[in-house]
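Chemist: I'd like to ask you about the structure that follows.
Taken together, the values in this text are just the output of simple stated rules run on the coordinates, not laboratory data. This one's a predicted model, so the numbers in the text were calculated from it and none came from an experiment. Positions of Cβ are backbone-derived with ideal geometry, glycine not excepted, and every protein chain shown enters the neighbour counts.
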Amino acid sequence: MSGQWRMAGDLIMDVSIDETSPRQGMRAEWSRIAAIVWKDLTMERRAKANFNSVAFLAALILLMFAFAIGPDAETLRTAAGGVIWLTVLFSGVLSFNRAYEQELEGGSLDMLVLYPGDRRAIYVGKLIANLTFLLLVEVILLVVAGVLYDLPLLGIALPLSLVVFLGTVGFVALGTFYAAMASRLRAREVLLPLLLFPMLIPLLIASVEATNDLLSGSAMGNVGGWMRLLLVFDVIFVAASVMAFEYVIED
Amino acid sequence: MDAATAKTVGDIIGLAGLVLLVPVGWAATRRRMLAPLGVFVFLFVVASQATGLLISPPERGMGDLQKIMYVHVPSAWAFMIAFFIVFVASILYLWRRQVHHDRLAAAAAEAGAVLTALALAQGMIWGKPTWGVWWTPDPRIAFTTVVLMIFAGYIALRAFTDDEDRRARWSAAVGIVGALNVPVVYMSVRWWRTLHQPQSTPSTVDPAYIIGLRLNAFAFLFLLLFLVALRYRAMMADRKADAILEDRALKEDVAHV
């Protein structure tokens, strides 16, 4: 564990030494981000239990929804969009706190904050790591949903993955931001969804509508409009979180 | 009363209310004026409600049920203003780092949450006999519910964060991000479902209702200012009391040694 840490630390330190031109500064910033992404993903990769349990939980939630909704195939298919996105939210929200908890336990977040360079790199790094993690979970989730709910996923693979990507970016952007606070509090398990879920309602609406329109293949749908709303949501909240993160991580 | 007269009276009330906003706003910033302001706001709300109820004719479709509009619509306007105060005070806090901006944001969030809950409850009471259901994912009901949840998250975060400086920074960040979401939530739920009647603003409402609506809009605005001032004073006093207690405990410790 400590070996990994030193490597990530060295990477961050190395690139911050020769910060002469703004262009190099920008490149140094990206190297810092890459170092944090690499560190977080390496930890996930080595402790596979995390990914496995979240992916398994997602499959389990899908199954439970299938039981709750009932055996009628048509009803299941109509509900699929909503079920898929609620499953993404419920299983995803578990992984955000963990991204900080591991660091807090080892006291390494303080170190990370002390390294030279912009602290926003920590946020962006964790955002990309969480995004990668959740997108991989979603691949499994969608396959399971396709089987359980009998969905024609292959035909709409491309537009659907775009919707899933846009929806996940907004979700992870806010999740990573709020988890930076919630993970340091007593009631972190309750507080994170309490803060996060109301904020995600526009994203939930747009993602579910777009997904359902794609699944039903109806010409009446407005997939493009919902995707634009998702894009607007992503831009606003990635930008706002990047700017506000500095005040959250200050101590 | 004919439409033209009602419109003129409505305009006069609008102007008078704006003029009145100056002394009310001033009183809200003065500690000694808090009690007189409370009395004034109470009387103003009662008088405005009475006027709204008495002078408006029963609505054609809804009858007297419509009169809930005089509390429902003004509290909905007032909670939007409360959210705006949270937004501005949060930005000011992060910029200037002064405690009173933090407490102002917190006070506005609490008053706003109360008014949001009020607007939602009144919407439900109005909706049950009109549409036959307590809650329906109609755009504005859904919007109000989501705003209430965002306020609740903000207040919960404050309740769980003990360190004063950290609480101020975190809740300011959450207040800003939350306020940014308000227009996005509004747009999304409106696109999502539009089975509701258009907004009640004086321009879409029959002139007979203008007077009551205008009066009560100002009544609730003054009520909001009073509630915010009240909570703000209480929180600042709390902080002062904490400091005094801490100081005394410290002195006692020294005396014992």
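Chemist: On each of the three principal axes of the Cα atoms of the range B:1-125, give max minus min coordinate, whole Å, ordered largest first.
Modeler: Largest first, the range B:1-125 extends 53, 32, 25 Å along its Cα principal axes.
Chemist: Mean separation of Cα pairs under 8 Å and 6+ residues apart, divided by the residue count of the range B:10-104: what relative contact order is that in percent? Mind showing how you got there, number by number?
Modeler: On the way: 27 pairs, mean separation 11.4, N = 95.
Relative CO of the range B:10-104 lands at 12 percent.
Chemist: Please go through the range A:143-231 and write out the trypsin sites (Lys or Arg not before Pro) that DSSP classes as loop and that have at most 16 other C-beta atoms within 10 Å. Please list the in-between numbers first.
Modeler: Numbers: sites: A:Arg184, A:Arg186, A:Arg188, A:Arg228; in loops: A:Arg184, A:Arg186.
Those that pass, being in a loop and sparsely packed, are A:Arg186.
Chemist: Scanning chain A for GluC sites (Glu not before Pro) in DSSP loops with at most 16 other Cβ atoms within 10 Å, what's the longest stretch left with none? Each step should come with its number before you reach the end.
Modeler: Numbers: sites that count: A:Glu19, A:Glu250.
Value returned for the longest uninterrupted segment is A:20-249.
Chemist: Reachable lysines from B:Lys240, Cα under 24 Å, same-chain residues fewer than 8 places away excluded?
Modeler: Within reach: B:Lys251.
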